[in-house]
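Accompanying notes for the structure given below.
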Amino acid sequence: MTDSPNGGFSRRRFLTGTGAVGALALAGCTEQSGGSDGGADNNGGSTDGSGGSQLSGEITITGSSTVFPLATAVANEFQKQHGQVDISLSSTGSGGGFSNHFCVGNSEFNNASRPISSEEEQLCADNDIEFHEINVATDAVTVIVNPENDWVDCVTPDQLRQMWRADGASTWADVNADWPDEPISRFGAADTSGTFDYFNEAILGEEADHTSNYEATEQDNLILQGVQQDQYGIGYFGFAYYQSNTDAVKALSIDNGDGCVEPSLETAKAGDYQPLSRPLFTYPRKSALAEEHVAEFARYFVEQSANTELVSEEIGYVPRTEEAMQEELDALNSVIDEVQ
């Protein structure tokens with residue numbers, strides 16, 4: 001990952017780069033560089049007054065590719081104050097993070113773009129892993145098409161359901177007779193992704209399965225490239241990645257019964273972009289919060305969730321309100337008091 005010449009943190013380059021380089025380069029950047037300027041407001045700081053030089057240790061964060069850029073920006077800012085804390089982040093997908101890392105005790109945090117499932121809760125319980133849920137932002141899952149697609153600007157959930165369910169539409173004309181009689185080329189999230197799970201629930205529901213006839217990946221840049229290179233392509237991913245690539249693809253508005261609504265921070269915040277607005281989470285392991293450097297990072301993550309400059313302007317999600325952030329912080333501090 002490359003920092004800007006003045007030491008600043010470039011959201012566009014970050015989001016484009018991390019989609020391609022994955023966990024290794026980011027972990028190396030986070031651990032070796034000691035952090036880059038995320039543009040965050042540092043007023044949150046250390047809530048226990050310990051000072052940056054007194055905290056040390058390692059933190060491993062796994063999970064959602066959607067939460068990945070936000071977690072990385074927060075980690076970079078935290079390390080500017082606490083340079084002896086090494087933070088390693090991996091973009092494993094929400095489900096991949098829970099099943100392969102967090103719920104078996106191999107990470108201190110798991111990011112998720114949907115709530116933890118009952119099966120994952122059971123896996124954690126089987127391994128004596130207790131967790132605490134923290135809502136860190138709101139996202140708008142964005143449906144994208146090729147810029148040369150001139151036949152559709154707005155779709156209904158039912159039309160998306162036809163395109164993405166198993167045994168659904170094969171061609172664009174199958175969905176709407178006025179659209180081209182050309183095969184639909186689909187690019188979307190892998191089934192280990194929270195984005196996949198959320199799209200599945202919001203669009204397909206319980207009565208239909210997600211098609212397997214699509215290019216599945218955990219890397220948003222591959223979804224972008226697939227749609228960008230195919231006139232008949234369609235895909236979906238988190239809003240932040242679209243916001244960094246608005247010239248490359250076209251976002252579709254969604255008509256949920258009250259007219260077409262485009263994906264944006266404003267429509268997601270207002271609750272108008274339905275049914276594809278969703279909360280984003282991080283889950284710290286309770287036993288890890290007994291360690292002060294982990295607890296302090298968890299507090300800092302919560303504090304920064306209300307930082308408009310970082311969450312909205314730098315990354316591209318809807319931040320928490322000050323009131324909601326304070327409620328999350330109070331709940332977190334209660335858990336920390338229990339384990340320390």
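Suppose we keep only residues that are open to solvent by 20 Å² or more (accessible area, probe 1.4 Å) and assigned to a loop (DSSP other than H, G, I, E, B) within region 248-262. Which one would you say is nearest to Pro157 (Cα to Cα)?
Asn256
Does region 291-328 hold any residues that are in contact with a helix residue (DSSP H, G or I) (Cβ under 6 Å, 6 or more places away or on another chain), open to solvent by 10 Å² or more (accessible area, probe 1.4 Å), touching a residue at least 60 places away in the same chain (Cβ under 8 Å) and over 13 Å from Leu280 (Cβ atoms), and which are they?
Glu314, the sole residue that qualifies.
So which of Glu77, Glu148 ends up being in a helix (DSSP H, G or I) and acidic (Asp, Glu)?
Glu77
Okay, residues lined up against (1) touching a Ser or Thr at 6+ places or on another chain (Cβ under 8 Å); (2) of a type outside the set (Val, Ile, Thr):
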| site | (1), (2) |
| --- | --- |
| Ile203 | no, no |
| Ala208 | no, yes |
| Val261 | yes, no |
| Glu292 | yes, yes |
| Arg299 | yes, yes |
| Thr308 | no, no |
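Take the residues of region 265-299 that are at pLDDT 95 or above and part of a loop (DSSP other than H, G, I, E, B): which is nearest to Leu55 (Cα to Cα)?
Per the stated criteria, the residue is Glu291.
Please find, within region 263-290, the residue that is nearest to Phe102 (Cα to Cα) out of those that are open to solvent by 30 Å² or more (accessible area, probe 1.4 Å) and touching a His at 6+ places or on another chain (Cβ under 9 Å).
Arg285
Listed residues Glu303, Glu313; which is over 14 Å from Val67 (Cα atoms) and at pLDDT 95 or above?
It is Glu303.
Can you pull out every residue in region 121-164 that is of a type in the set (A, V, I, L, M) and open to solvent by 10 Å² or more (accessible area, probe 1.4 Å)?
Matches in region 121-164: Leu123, Ala125, Ile129.
The values are calculated or read from the model by the stated rules, or taken from the named source; none is laboratory data. Keep in mind that what you see is a predicted model, and the values were worked out from it rather than measured. Backbone-built Cβ (ideal geometry, glycine too); neighbour counts: all protein chains shown. Accessible surface areas use protein heavy atoms only, side chains included; no ligands, DNA or RNA. Shrake-Rupley method; radii C 1.70, N 1.55, O 1.52, S 1.80 Å.
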